[in-house]
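Report on one structure; see the data block that follows.
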Amino acid sequence: MSSRFIVGNWKMYNTVSQAETLVRAILADYHPHPTVEVAIAPPFIALQTIATLLASNTIHLAAQTVYQEDEGAFTGEISPLMLKAVGCRYVIIGHSERRHVLGETDQDINMKIRAALRHQLHPILCLGERLEEREAGHTTRVVQSQLQQGLAGIPAKEFPQITLAYEPVWAIGTGKAATVDQAAEVHGEIRRYLQEQYGIEPHTQRILYGGSVSPDNAEALFHSSEINGALIGKACLNAESFGRIIALAKAYTP
Ligand code: PGA
């Protein structure tokens, strides 16, 4: 496993031509590093164009979601086969905006993870509690339930293909990141849970933190050995701030 993994989730931002401009700007200042892996997740419509631009580079392509069937009458959906064919290595699954704005359930998420794994697409499974759940002391319960349902029926031998991303909902897009202690505590709980339930060695599971990661707080996050990288929204839409976060990951890789 790379020591750090930095993923830029572009969400529903950038037309194809804007996407091209942003990727060119990111690549202009990008120098591969042996222990820092980088991926970007543009909107579906820009995947093909960006795949061409990334071809000779080591930034990986990711999708923001996937449908669980290979093909069929599912208007508007995109299959894992299509993502694989366009050059995606990763797919984000269960992002909080898909759970809470677009109504995805844990069962949907589980089917999507299975579908991705069937096609050797590596899922990035997002987990995280809402503010009211944290305030009620239910963070552990919520995250464990998302894990249990999201991973249901998936054998532990597949886990190395899966990256987890702890993204507290209250930290996403709010400018109010979790503290390093808050993130590290939940990451530790996830590792303990996976060890108890599946026998996974705690430090073999890659767990990213996401939620208002910026060049200002990334250094502190990367000091923690619990945090294997970051899933970044707003700060990845600007080549300079995304580049600064990548540089910090390189500087603070254990
Ligand atoms: P943010 O988004 O960095 O803008 O908070 C993170 C995410 O949604 O993955």
- Query: Does any residue of the stretch 176-186 turn out to be in a helix (DSSP H, G or I), under 22 Å from residue 252 (Cα atoms), within 16 Å of the ligand (Cβ to nearest atom) and touching a strand residue (DSSP E or B) at 6+ places or on another chain (Cβ under 6 Å)?
  - Reply: yes
- Boolean, residue 107 is surrounded by fewer than 17 Cβ atoms within 10 Å (Cβ to Cβ) and either of a type in the set (S, T, N, Q) or within 23 Å of residue 3 (Cβ to Cβ) (or both): yes
- Task: Pick out the one residue from 26, 45, 40 that is crowded, with 19+ Cβ neighbours inside 10 Å, over 16 Å from the mean Cα position of the chain (by Cα) and among the hydrophobic types (A, V, I, L, M, F, W, C).
- Result: 26
- residue 51: passes all of (1) farther than 20 Å from residue 242 by Cα; (2) in contact with a Leu (Cβ under 8 Å, 6 or more places away or on another chain); (3) of a type outside the set (D, E, K, R); (4) surrounded by fewer than 18 Cβ atoms within 10 Å (Cβ to Cβ) but (1)
- Task: Kindly list, by first and then second residue, each pair from a residue in the stretch 164-176 that is more than 14 Å from residue 101 (Cα to Cα) and open to solvent by less than 10 Å² (accessible area, probe 1.4 Å) to a residue that is of a type in the set (Val, Ile, Thr) and part of a strand (DSSP E or B), limited to pairs with Cβ atoms under 7 Å and residues at least 6 apart or on different chains.
- Result: 164/207; 165/124; 166/207
- Look at residue 86 and say whether it is out of contact with any His (no Cβ under 8 Å at 6 or more places or on another chain) and surrounded by 18 or more Cβ atoms within 10 Å (Cβ to Cβ). no
- Task: Please work out which residue is most open to solvent (accessible area, probe 1.4 Å), limiting yourself to the stretch 1-22 and to residues that are within 16 Å of the ligand (Cβ to nearest atom), part of a loop (DSSP other than H, G, I, E, B) and not aromatic (Phe, Trp, Tyr).
- Result: 12
- Query: Does residue 116 meet the test of being within 16 Å of the ligand (Cβ to nearest atom) and buried (at least 18 other Cβ atoms within 10 Å of the Cβ)?
  - Reply: no
- Residues of the stretch 204-244 satisfying the condition of being over 12 Å from residue 183 (Cα atoms), open to solvent by less than 10 Å² (accessible area, probe 1.4 Å) and within 10 Å of the ligand (Cβ to nearest atom): 231, 232, 236
- Lone unmet requirement of (1) in contact (Cβ under 8 Å) with a residue 40 or more places away in the chain; (2) among the aliphatic types (A, V, I, L, M); (3) under 30 Å from residue 130 (Cα atoms) for residue 28: (3)
- Residue check, residue 25 against (1) part of a helix (DSSP H, G or I); (2) within 29 Å of residue 168 (Cβ to Cβ), all met but one. Which one? (2)
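The values are calculated or read from the model by the stated rules, or taken from the named source; none is laboratory data. Because the structure is a prediction, the values reported are computed rather than measured. Glycine also receives a Cβ, built like all others from the backbone with ideal geometry; neighbour counts cover every protein chain displayed. The area values use the complete protein model at the heavy-atom level, side chains included, leaving out ligands, DNA and RNA. Shrake-Rupley method; radii C 1.70, N 1.55, O 1.52, S 1.80 Å.
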